[in-house]
1. So how far apart, in nm, are the two label points at Gln95 and Val139 if each is 7 Å from Cα heading toward Cβ?
2. Per Stokes-Einstein, at 37 °C and 0.692 mPa s, what whole-number D in µm² s⁻¹ belongs to the chain, with the Kirkwood radius over Cα pairs as the hydrodynamic radius?
3. Would you work out the relative contact order for the chain, in percent, from Cα pairs under 8 angstrom that are 6 or more residues apart?
4. May I ask you to list the aspartates and glutamates whose Cα is less than 18 Å away from that of Lys94, ignoring any residue fewer than eight positions away on the same chain?
5. Along Cα→Cβ, 7 Å out, is where each label goes; now give me the distance between the ones at Gln189 and Asn66 in nm to one decimal.
6. So, R0 is 30 Å and r is the distance between the beta-carbons of Val45 and Thr167; what FRET efficiency does that work out to, to 0.05?
7. Under a point spin-label approximation (7 Å from Cα along Cα-to-Cβ), what is the Met180-Thr23 distance to one decimal in nm?
8. What value, in deg cm²/dmol to 500, does the helix sum -39500 (n - 2.57) over DSSP H runs of n ≥ 4 give at 222 nm once divided by the residues of the chain?
Amino acid sequence: MAGFAKIISRAFDPVVVFSLLTTLAAARSGLPQGDLVKFLVVSLVGILLPPVGFLILAIKKGWVSNWDVSNRRQRVRVFLVFGLLFLVDYILIKQFGNYLIQHYFFFFLIWFAGFFAITLFWKISGHVALVTLASYYIVQWFGPAWWPVVLAIPLVGWARVVTRRHTLAQVIGGTVYSAMFLLLYETWQSIFR
């Protein structure tokens, strides 16, 4: 069971989930093919590689103990750098002038700021929190027939508990944070549109 749980944890790593979701957002954005290719290159070079490179460096330098940054205190420095990179990414993305992609990145920038703030006090599951958001977006973008993706939430939660990266409370916390964030964000959007 532990081996399968590790596979699930890696397959649904936030880097993987965010990269795939960003690719889907770009594909749905209506960008012309040439701009779409440019966006995907910018995504790889400017969005994916810097945080992955920083995390690898942080592991090699001993700033963090592992890829999952299991120690909550170690998360602060890493998440601060990730937040700054996210802000730079948002500025880069604005250059494409595409509302859907800008909206998508703004949403994740604000979500990440909240996630970072919670991390200062309590460790919640980023894997489960991001899978919760991804499930929402996939169902919203592709329709209710895609509801089975929601089953990834308890699957990833189970994997995080079995691998002892999180407690059940931390997994539930990640789900609840993202669900509440979505509710507040959608409410705010409907009021101020």
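Just so you know, all these numbers are worked out from the coordinates, no wet-lab data involved. What you see is a predicted model, and the numbers here were worked out from it, not measured in a lab. No Cβ is skipped: glycine too gets one built from the backbone with ideal geometry, and neighbour counts run over all protein chains shown.
1. Here the answer is 3.7 nm between the modelled labels.
2. Working: Rh = 17.3 Å.
Rounded to a whole number, D works out at 189 µm²/s.
3. In percent, rounded to a whole number, it is 28.
4. Correct list for Lys94: Asp35.
5. 3.5 nm
6. Details: r = 37 Å, r/R0 = 1.22.
Here the calculated transfer efficiency is 0.25.
7. 3.4 nm
8. Details: 9 runs with 145 residues, N = 193.
Computed ellipticity for the chain at 222 nm equals -25000 deg cm²/dmol.
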